[in-house]
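J.: Pasting in a structure now, in structure tokens, and then I'll have a few things to ask.
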Protein chains: 2
Amino acid sequence: MESETRREIIEATNRALCEHGYASLTMKRIAAEASMTTAAIHYHFDTKEELLNAFLDELIERFEQELACNASDPRERLNAYLDAVFTPPDPASDGFSVAIMELKAQAPYHDLFRERFLDLDELMREVVADIIEDGIQAGHFEETDPDEVARLVTTVSNGAHARTVALGEQADETHQVLEHTLELHLGWKPGSEVIA
Amino acid sequence: MESETRREIIEATNRALCEHGYASLTMKRIAAEASMTTAAIHYHFDTKEELLNAFLDELIERFEQELACNASDPRERLNAYLDAVFTPPDPASDGFSVAIMELKAQAPYHDLFRERFLDLDELMREVVADIIEDGIQAGHFEETDPDEVARLVTTVSNGAHARTVALGEQADETHQVLEHTLELHLGWKPGSEVIA
DNA sequence: TGGTATTAACTAACCAGTCAGTCAAAATTC
DNA sequence: GAATTTTGACTGACTGGTTAGTTAATACCA
């Protein structure tokens, strides 16, 4: 079972990571953020690495949940996906993007991190490709290579993410440009209303 | 003047950063990489931060040089730009992308870093927008919003960069997808030959 | 009372940065 | 032009502070 304290420690890790970055992410800071001592953290997580792995699990799980959409219409699903990716996260889960970026930058040196990001990436590309494939089959989208367009969408969202974090830029304009581009690829304006 | 030793230290910083990441970038490691003591580095750079600023200067300067292209034909210039961005850097300047990514991830906590990346980004967007504007004026490209397309190009290259570093992915496919997309936007296939 | 959770106090390694002193080459003086 | 002083570049040893992780004692709760 996942104890309440473990969850609190993981959330404290998130706060500490967002406030000071991975390079300054110390057990002491996490402990302070969780209002306990470092020894208490070591009681729940043997090593810092174990804690970080658990934290990344949580982060990716939350990310996947945010992408979930049970609409049936491909156009609605694509809209929901784009909104989920480009809409700034609610204040409750603040620093979410920053935390992901910090961990991404560690991927070259941390095999486990990289593998998880690879899995997440594959999943995201598949989700988008499936949506597009369905849309083509249903006659809503023009004939194109779903994998190619999916790669474009994920790469643009990766880029928007990096820009948001590193430059402090809003992703609105990028969202619009991507919608315009998808219009060219799919022959349908993602931003437009879908008549039920 | 820029002494030979300063340059060697900066290059050692690059190697140390690429090998172990920003979080493990210590003066000792840089010193070992430069085959000298930490005190020698402190003789040339008062603080670690001063060294890191000098290193980022170097990094951005090199990046800008790589983008330089003196062709006159807009299509050639766009081709050269895309090649420069997507072609994997020569083995000599290895780890270049990784170093940039590491420093980008520090931008949220390091105002100077962020400002420099903002300047670099603005420059890159302007370069692309200028190329497209020229191309439209010369009748080679269809009428579109140059800033919008420039934003798309830079965001895709940002995304491709992040993916290369974090996922270890080759940027080839992304390059192709972007070319295809630019074909839709500009009505001209960037990869195709230009008849002189 | 017995297991769970937490703490204070600790260790050994590591961090950026300092300091006194070395050494060769250049500048200055006679 | 030879002797002296100064300078630039550097080293090894050190400092105070921080790191992840350990341990033994203790609080809490069923």
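The values are calculated or read from the model by the stated rules, or taken from the named source; none is laboratory data. Keep in mind it's a predicted model, so treat the numbers as computed, not measured. Cβ: placed from backbone, ideal geometry, glycine included. Neighbour counts: every protein chain shown. Side chains are part of the model used for accessible areas, which takes the heavy atoms of the whole protein and leaves out ligands, DNA and RNA. Shrake-Rupley method; radii C 1.70, N 1.55, O 1.52, S 1.80 Å.
J.: Find, among the GluC sites (Glu not before Pro) in the range A:119-196, those assigned to loop by DSSP (not H, G, I, E, B) with at most 10 other beta-carbon atoms within 10 angstrom.
T.: Loop-located and lightly packed - A:143, A:193.
J.: In peptide A:105-113, what is the residue-averaged number of other protein chain Cβ atoms found within 10 Å of each Cβ?
T.: On the way: counts 13, 7, 7, 14, 9, 1, 0, 0, 1.
Counting other chains' Cβ atoms within 10 Å and averaging over A:105-113 gives 6.
J.: Cut-off 18 Å, label point 7 angstrom out along Cα-to-Cβ of residue A:76: give me the residues of the range A:137-163 whose amide nitrogen falls inside.
T.: Correct set: A:137-141.
J.: Using only Cα atoms, locate the centre of the range B:124-196 and the centre of the range B:46-64, then give the distance between them in Å, rounded to an integer.
T.: 29
J.: Mind checking which helices in chain A clear 15 Å along their axis (Cα) and have mean Kyte-Doolittle hydropathy of 0.0 or more, DSSP H runs only?
T.: In chain A, the long hydrophobic H runs are A:96-106, A:146-167.
J.: Give the Rg/Rh ratio for the range A:1-46, taking Rg as the radius of gyration of the Cα atoms and Rh as the Kirkwood radius, to two decimals.
T.: Result: Rg/Rh = 0.95.
J.: For peptide B:20-28, what's the mean number of Cβ atoms from other chains within 10 Å of each residue's Cβ? All intermediate terms of the calculation are to be shown ahead of the outcome.
T.: On the way: counts 2, 8, 7, 9, 3, 1, 0, 0, 0.
Neighbouring Cβ atoms belonging to other protein chains average 3 per residue here.
J.: With each pseudo-label sitting 7 Å past Cα toward Cβ, what's the residue A:19-residue A:84 distance in nm, one decimal?
T.: Inter-label distance under the simple model: 3.1 nm.
J.: Using a 1.4 Å probe over the heavy atoms of the protein chains, calculate the carbon and sulfur portion of the accessible area of the range A:1-46 as a whole percent.
T.: In the range A:1-46, the share of accessible area belonging to carbon and sulfur is 49 percent.
J.: Pop a pseudo-label 7 angstrom from the Cα along the beta-carbon direction at both residue A:40 and residue B:169 and give the gap in nm to one decimal.
T.: In this crude spin-label approximation the distance works out to 4.1 nm.
J.: Continuing with this model, one more query. What FRET efficiency would be calculated for the residue pair residue A:49, residue A:176, taking the C-beta separation as r and a Förster radius of 41 Å, to the nearest 0.05?
T.: 0.50
J.: Which of the lysines could be linked to residue B:48 by a straight reach, that is with a Cα gap under 17 Å, when you skip same-chain ones fewer than 8 residues away?
T.: Straight-distance partners of residue B:48: B:28.
J.: Could you state the per residue volume, in Å³, of the convex hull enclosing the Cα atoms of the range B:1-124? Intermediate values should be presented prior to the final figure.
T.: On the way: hull volume 15.1 nm³, N = 124.
So the per-residue hull volume is 122 Å³.
J.: OK, next. So what is the relative contact order for the range B:70-186, in percent, with contacts set as C-alpha pairs under 8 Å and at least six apart?
T.: 31
J.: Still on this structure, I have one more. Work out the charge dipole of chain A with +1 on the Cβ of Lys and Arg and -1 on the Cβ of Asp and Glu about the Cα centre, then indicate which of A:27, A:154, A:67 is farthest towards its positive end.
T.: Result: A:27, furthest along the dipole toward the positive end.
J.: Let me ask something additional. So for the pair residue B:32, residue B:142, with labels modelled 7 Å out along Cα→Cβ, what separation do we get in nm?
T.: Here the modelled spin labels are 5.6 nm apart.
J.: Another one. At residue B:89, label 7 Å along Cα→Cβ: distances to the other copies, nm, ascending?
T.: So the distances to the same position in the other copies read 2.9 nm.
J.: Total Å² of accessible surface buried at the B-A contact, 1.4 Å probe, nearest 100?
T.: Counting both chains, the buried surface is close to 3600 Å².
J.: How high is the FRET efficiency from residue B:67 to residue B:7, r the C-beta distance, R0 30 Å, rounded to 0.05?
T.: 0.85
J.: At q = 0.14 Å⁻¹, what log₁₀ I(q)/I(0) does a Debye calculation on the Cα points of the protein assembly as shown give, no solvent, two decimals?
T.: Result of the Debye calculation: -1.28.
J.: Evaluate the range B:65-196: find the radius of gyration of its Cα atoms, find its Kirkwood radius, and give the ratio Rg to Rh. The partial results should precede the final answer.
T.: Working: Rg = 15.2 Å, Rh = 15.6 Å.
Ratio of gyration radius to Kirkwood radius: 0.98.
J.: Another question about this same structure. In whole Å, largest first, what are the principal axis extents of the Cα atoms in the range A:88-164?
T.: If we take the Cα atoms of the range A:88-164, the spans are 42, 31, 19 Å.
J.: Right, another one. Suppose you put the label 7 Å out from Cα in the Cβ direction; list, shortest first and in nm with one decimal, how far residue A:8 is from each other copy's label.
T.: The projected label point of residue A:8 is separated from its counterparts by 5.4 nm.
J.: So with the 1.4 Å probe, I'd like the accessible area per residue for the range B:1-88, rounded to whole Å².
T.: 52
J.: While we're here: Shielding by partners for B:43-49, please: the mean number of other protein chain Cβ atoms within 10 Å of each residue's Cβ.
T.: 0
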